[in-house]
Amino acid sequence: MITETHSTLTKSIAPVLSFTVLVLVWELTVRFSGWDTNVLPGPYKVLVSMIELITTGSLFKHTVASLFRVTWGFYLAAIFGIPLGIILGRSQLASILLNPIIHFLRPISPLAWIPLAMLWFGIGDQPAVFLIFLSSFFPIVVATTVAVRSINPTYFYVAANFNFSRKEVIQKIVIPAIIPDIITALRLTVTIAWIVVVAAEMIAVQSGLGYLILDSRNGLRLDYVMDGMIVIGLIGLYLDYIMRRLGRIESASWGIGQA
Amino acid sequence: MGHIQTENLCREFVNHRKKKDEDGKFLPDEKVSVLEDINIEVEDGEMVCLLGPSGCGKSTLLRIIAGFDKQTSGSILIDGKEITGPSSDNIFVFQHSGLLPWMTVWQNVELGLRNMEEVEEKRVEIQEYIEMVELDGFEDHYPHQLSGGMQRRAELARALAVNPDILIMDEPFSGLDFLTHMKMREEVVNMHQFLGKTILIVTHDIDDALIMGDRVVVFSKRPSQVKMNRKLDFPHPRIVFNKQTELSQLRDELFLMLGVSYAV
């Protein structure tokens, strides 16, 4: 944990500085490597092409398409994954019955499902959403199960002592107790969802940032490829920021270290 | 109401660590006896301090009384009835904070009163208990925003708000700094004189037991038996030992009993 405290000014300038250095290193590499700018486009060329993509509206269109799929897949995974994780964490029987299946399916890469997904759902948003769901669902289930199992037993004694009903135990103990761990899990999972959406879009659909990257590669426009990568990175940065904000909710801040 | 009686109370644990005999065969699980034939009676409204070496089963006894654990044999009656499970008549105050960290002080104190229908009445009552432990102004603070002593007081308020017959405190002052410890001790004594509830306190501190207890019960090493069960008929405040020779002698005796020969 970082214990030093810096002023907000330093905190907002520091990232700008590190990005400036990154761009500088990039530019220098382009100049001195001797590579063709078609193979390694420099920052300026990428910026120009980015503006081009923005003005034609295609960047916006692709970004929205990807965001749409990630959001759906991710929400569905959370909506089904968190309750299932709670059940597995609380019920011995459910965990004996279902855990082997979950751990059997978990290591199978979502990309291995692509052929099946295309056959089942055809071409379009659905197979991509399905793949993102698969990629996020298992990590969320496992993280929730672990979170429920590691709740301090004292809290359950308190619940028994104050005559909590089963419903109250879930509402007032289990759910609030796992929120900090869930936020961390979602923060990690959303990254996986982005990795998968790009891969899925390279195969199953005709839109999205993954499609933009693949299509540009086929046209040998590496500057467009880099535009796609930059947008994905920026969105990832922003999503992580939102997730960290969630951790600052006062009733959840007892269990979350800032990272 | 708050009379407790144990008869030949025993508690054994099974040691699941497998041991092998000389031929390398696994021996059957070993049983460890923690409490052996405990016979104590706690009168209604009495404050009883339980002393004993670490690991002797004092906390186990408290957990059985709270309904969190069950005895292996023997019986334990509260107001003449067998314990069937945890109940808000016997509130347990945990060694490390038992406050729910995702709830404010107010919400924690509300736990025991959450089924009250009269909203205004409930509000007044919660406020009353928060003021009793001098936490007014901290109602909307979360436990991690409070000091250790304030956390204990908040938990005490939560326990008292249910109006239990028995308060069960497992080393309630451990981890507090010296002055906070003294102050909390004083507050518990005052609270006991004011409310007259039955209170069971497990402690390592002989002075706590002598200053607070109406009775002190000393346990032996495991398997625990009652080594001493003495009523302390001394008026409060009992601060200066050397002016109360009898208490001072008893103090030396207790130190010796717990294995310290030259107590300060």
Next on the checklist: How long are the semi-axes of the equivalent ellipsoid of segment B:100-162, defined as square roots of 5 times the Cα gyration tensor eigenvalues? Whole Å, largest first.
Outcome noted: 18, 11, 10
Next on the checklist: Cross-link candidates for A:Lys45: which aspartates and glutamates have Cα within less than 17 Å, leaving aside residues fewer than 8 places away along the same chain?
Outcome noted: A:Glu27, A:Asp36, A:Asp223, A:Asp227
Checklist entry - All other residues with a Cβ under 14 Å from the Cβ of A:Val174 taken together, and with Lys, Arg as +1 and Asp, Glu as -1, what is their net charge? => result +3
Next on the checklist: Please compute one quarter of the surface area of the Cα convex hull for chain A and express it in square nanometres.
Outcome noted: 18.1 nm²
Item to check | Karplus-derived 3J(HN,Hα), 6.51/-1.76/1.60, for each residue of segment B:75-90, Hz, glycine and proline x | outcome: 10, 9, 10, 10, 6, x, 10, 5, 7, 9, x, x, 8, 6, 7, 10
Item to check | Extreme residue, positive dipole direction of segment A:44-152, given options A:Ile82, A:Trp113, A:Ile51 (C-beta unit charges) | outcome: A:Ile82
Checklist entry - Straight-line reach from B:Lys19: which lysines have Cα under 23 Å away, leaving out those fewer than 8 places along the same chain? => result B:Lys31
Checklist outcome for this item: Farthest towards the positive end of the dipole of segment B:143-258, among B:Gln193, B:Val216, B:Ala154 and with Cβ unit charges of +1 on Lys and Arg and -1 on Asp and Glu, lies the Cα of B:Val216
Checklist outcome for this item: Sorted on mean Cβ neighbours within 10 Å (highest first), peptides B:11-17, A:134-140, B:94-100 come out as A:134-140, B:94-100, B:11-17
Checklist entry - Build a GNM of chain A with springs between Cα atoms under 10 Å: which of A:Ile170, A:Ile232, A:Ile192 gets the top mean-square fluctuation? => result A:Ile170
Item to check | Cα pair count fraction exceeding 20 Å, expressed as % - segment A:156-259 | outcome: 57 percent
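Where the only charges are on Cβ atoms (+1 Lys, Arg; -1 Asp, Glu), what is the dipole of chain B about its Cα centre, to the nearest 20 debye?
Details: 29 positive and 44 negative charges, 230 e Å.
Rounded to the nearest 20 debye, it is 1100 debye.
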Checklist entry - Given H placed on each backbone N at 1.01 Å, which residues far from B:Met228 in sequence or on other chains put an amide H within less than 5 Å of it? => result B:Val218
Checklist entry - Average partner chain C-beta neighbours within 10 Å, per residue of B:95-101? => result 5
Next on the checklist: For segment A:79-121 and segment B:69-86, what is the centre-to-centre distance using only Cα atoms, to the nearest Å?
Outcome noted: 44 Å
Checklist entry - When the dipole is taken about the Cα centre of the protein assembly as shown, and only Lys, Arg (+1) and Asp, Glu (-1) are charged at their Cβ, what size is it in debye, to the nearest 20? => result 1900 debye
Next on the checklist: Quick check: Cα centre of segment A:57-73 to Cα centre of segment A:159-229, how many Å?
Outcome noted: 14 Å
Item to check | Principal axis dimensions, the protein assembly as shown - Cα atoms, whole angstrom, descending | outcome: 97, 61, 56
Checklist entry - If you add up the charges near B:Glu30, with Lys and Arg at +1 and Asp and Glu at -1, over every other residue whose beta carbon is less than 11 angstrom from its beta carbon, what do you get? => result +2
Item to check | In sequence order, calculated HN-Hα J values of segment A:78-92 (Karplus, 6.51, -1.76, 1.60; Hz; x Gly/Pro) | outcome: 5, 5, 8, x, 5, x, 4, x, 5, 4, 5, x, 8, 10, 4
Checklist outcome for this item: Here the equivalent ellipsoid of segment A:1-101, derived from its Cα gyration tensor, has semi-axes (largest first, whole Å) of 43, 24, 16
Item to check | Check: segment B:100-162 dipole with +1 on Lys, Arg Cβ and -1 on Asp, Glu Cβ, in debye | outcome: 380 debye
Checklist outcome for this item: Simple SL model, points at 7 angstrom along Cα→Cβ for A:Thr8 and A:Phe104; separation in nm is 5.4 nm
Checklist outcome for this item: Rounded to the nearest 0.05, FRET efficiency between A:Gln171 and B:Lys70 (Cβ-Cβ, R0 25 Å) equals 0.35
Item to check | Contact order relative to length of chain B, as percent, for alpha carbon pairs under 8 angstrom and 6 or more apart | outcome: 25 percent
Next on the checklist: Inside 10 Å of the C-beta atoms of A:163-171, what's the mean count of C-beta atoms belonging to other chains?
Outcome noted: 2
Checklist entry - Residues with beta-carbon under 12 Å from that of A:Leu47, excluding A:Leu47: net charge, scoring Lys, Arg +1 and Asp, Glu -1? => result -3
Item to check | segment B:191-264: chymotrypsin sites (Phe, Trp or Tyr not before Pro) in DSSP loop, at most 12 other beta carbons within 10 Å | outcome: B:Tyr262
Checklist entry - Of all the C-alpha pairs in segment B:1-101, what % are more than 15 Å from each other? => result 69 percent
Checklist entry - Any idea what the alpha-carbon Rg over 2.2 N^0.38 Å comes to for chain B? => result 1.10
Item to check | segment A:103-118 - phi-based ³J(HN,Hα) in whole Hz, Karplus 6.51/-1.76/1.60, Gly and Pro as x | outcome: 6, 6, 7, 4, x, 6, 4, x, 5, 5, 7, 3, x, 5, 4, 5
Next on the checklist: Among B:Phe92, B:Asn108, A:Val174, whose Cα projects farthest towards the positive end of the dipole of the protein assembly as shown, with charges put on the beta-carbon of Lys, Arg (+1) and Asp, Glu (-1)?
Outcome noted: A:Val174
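Bear in mind these aren't lab numbers, they're just calculated from the coordinates by the rules spelled out. All values reported here derive from a predicted model rather than from experimental measurement. Ideal geometry is used to build each Cβ from the backbone, glycine not excepted, and the neighbour counts take in all protein chains shown.
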